[in-house]
Amino acid sequence: MIQFPSKQAQVQTTIFTKMSALATEYGALNLSQGFPGFDCSEELQALLAFYSKGHNQYAPMAGVPVFKQSIADKTKLFYGIEMDAQKEVTVVSGATEALFCAIHCCVFPGDEVIMFDPSYDAYDPAVRLAGGIPIHLAMDAQKGFQIDWELLARTISPKTRAIMVNTPHNPTGAIWSEEDLNALAEIVKGTNILIISDEVYEHIVFDGKKHYSVLLHPELRKRSFVCGSFGKTYHITGWKIGYCLAPEYLTREFQKLHQWVTFSSATPLQYALSDYLKEPKHYLGLADFYQRKRDLFAAAFAGSRWKLLPSHGSFFQCIDYSEISDELDVDLAVRLTKEIQVASIPISVFYQKPPSDKILRFCFAKNDDILLEAASRLVQL
Ligand code: PMP
Ligand code: GLN
């Protein structure tokens, strides 16, 4: 072996990869990794088939112009916010790329980037690879995973380069309110702190509530990279296509990174999605679609010792199992996969300092029969 130092010595294979592999090995119902257990629409498949003729060479670096325009039009329709399609929109190969490029285009060695735990697993390593210092602030399950604004204000330092936002939140299903936007805006006002906002579940907010994008607050919008994904919205996580919305001065820096990471994203996908995006009902119906699944899954736990935490958005349901087992969540997730063939995600892995909570995350983006079967196996414990 050639000797070389690992750039990520502490990093392991992601929990999603591990749990999905274990689920496959044991033939388990896979409610672990977040992906739909059903296909995208036939209409979208037909559009892709159509555009796979004659659109098979490199797309422009920042995205196919008509697609960027469709994304800007959707942003106007859904949020009432005007984005300049050619200067403020970049098409990327999934939100993972958007997050990586946003972090790498602005974080210098020694810069601090604040994130709220449990935090999505891609944030911390990207900050470290840029030489930055991730600062993890824990949210409290007992307080509904709300942000402690006073703690955030105290944590800001001259080294703070950026704050990571994620609403609707993975893994907890918590969502931000207008007050949250205002609180963050008050804290960053007058500073040079940037915001990197992960809003991949923007169209999955329940109970008639609204998604509060950072785009909606001028103080936040002017300093934000908003990372989006079509994977969640159209049941196409395997297409790996998303976008970054940011003011022109940030988009310019973002694109300098994007051109070295992937250069451009798959051309036929961009044309197909550009057409599909023009029909708002394709994304406006998503919240109801998943709310029904959330409620179906939740109802199956009624009267059991599994305590469901509120899920206000995303397609995740967190469940407290403290009345059922003393095991660590990482151990229980593995045992349930092996013994009753139900795979879930332990949420402690998303913390720098895991609390003693006993919580597993279940993905309910699955067919109803799978959800009911998984719940029936769990409630027997
Ligand atoms: N952020 C969050 C919170 C996610 O849950 C995911 C994927 N499930 C991503 C980013 C990555 O999105 P993509 O698959 O488009 O890269
Ligand atoms: N975001 C998905 C989840 O939370 C997984 C994506 C991945 O496997 N990288 O389960």
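The values are calculated or read from the model by the stated rules, or taken from the named source; none is laboratory data. All figures in this text were calculated on a predicted structure; none of them were measured in a lab. Cβ sites come from the backbone with ideal geometry, for glycine too, and all protein chains shown count toward neighbours. Heavy atoms of the whole protein, side chains included, go into the accessibility calculation; ligands, DNA and RNA do not. Shrake-Rupley method; radii C 1.70, N 1.55, O 1.52, S 1.80 Å.
Quick look at the numbers
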quantity	calculated
Enumeration of residues in segment 114-132 that are buried (at least 17 other Cβ atoms within 10 Å of the Cβ), more than 17 Å from T167 (Cβ to Cβ) and more than 16 Å from ligand 2 (Cβ to nearest atom)	V127, R128, A130, G132
Lone unmet requirement of (1) among the acidic types (D, E); (2) out of contact with any helix residue (DSSP H, G or I) (no Cβ under 9 Å at 6 or more places or on another chain); (3) open to solvent by less than 30 Å² (accessible area, probe 1.4 Å) for E150	(3)
Hits in segment 264-296 (condition: in contact (Cβ under 8 Å) with a residue 40 or more places away in the chain, assigned to a helix (DSSP H, G or I) and exposed (fewer than 14 other Cβ atoms within 10 Å of the Cβ))	L284
Filtered residues of segment 77-103 (kept if in a helix (DSSP H, G or I), of a type in the set (A, V, I, L, M) and buried (at least 24 other Cβ atoms within 10 Å of the Cβ))	A95, A98, L99, A102, I103
Complete set of residues in segment 210-263 that are within 16 Å of ligand 1 (Cβ to nearest atom), assigned to a loop (DSSP other than H, G, I, E, B) and more than 20 Å from I163 (Cα to Cα)	Y234, H235, I236, K240, I241, T262
Boolean, F230 is more than 16 Å from ligand 2 (Cβ to nearest atom) and farther than 22 Å from L152 by Cβ	no
Selected residue (only one of T237, T155, T167, T172 is open to solvent by 10 Å² or more (accessible area, probe 1.4 Å), in the same structural domain as A49 (by TED's automatic domain parsing), within 16 Å of ligand 2 (Cβ to nearest atom) and hydroxyl-bearing (S, T, Y))	T237
Segment 297-354 - residue that is in a loop (DSSP other than H, G, I, E, B), of a type in the set (G, A, S) and out of contact with any Phe, Trp or Tyr (no Cβ under 8 Å at 6 or more places or on another chain) and, of those, farthest from K18 (Cα to Cα)	G303
Residue check for I359: in contact with a Pro (Cβ under 7 Å, 6 or more places away or on another chain) and buried (at least 22 other Cβ atoms within 10 Å of the Cβ)	no
Residue count, segment 24-36 (criterion: within 16 Å of ligand 1 (Cβ to nearest atom) and open to solvent by less than 40 Å² (accessible area, probe 1.4 Å))	5
Any chance E373 is among the acidic types (D, E) and in a loop (DSSP other than H, G, I, E, B)	no
Scope segment 133-143; condition within 18 Å of the chain's Cα centre (by Cα), under 24 Å from K307 (Cα atoms) and open to solvent by 20 Å² or more (accessible area, probe 1.4 Å); matching residues	A138
Selection status of F67, assigned to a helix (DSSP H, G or I) and over 30 Å from L360 (Cβ atoms)	yes
Residue satisfying all of: in segment 3-20; within 20 Å of the chain's Cα centre (by Cα) and more than 17 Å from Y351 (Cα to Cα); most open to solvent (accessible area, probe 1.4 Å) among these	K18
Lone unmet requirement of (1) open to solvent by less than 60 Å² (accessible area, probe 1.4 Å); (2) in contact with a His (Cβ under 9 Å, 6 or more places away or on another chain); (3) assigned by TED's automatic domain parsing to the domain that holds F225 for K74	(2)
Cβ pairs under 8 Å, 6+ apart, first in segment 78-107 and at positive phi, second within 12 Å of ligand 1 (Cβ to nearest atom) and assigned to a helix (DSSP H, G or I)	G94/G231
Test: residue in segment 204-215 that is surrounded by fewer than 19 Cβ atoms within 10 Å (Cβ to Cβ), more than 15 Å from the chain's Cα centre (by Cα) and under 21 Å from A85 (Cα atoms)	no
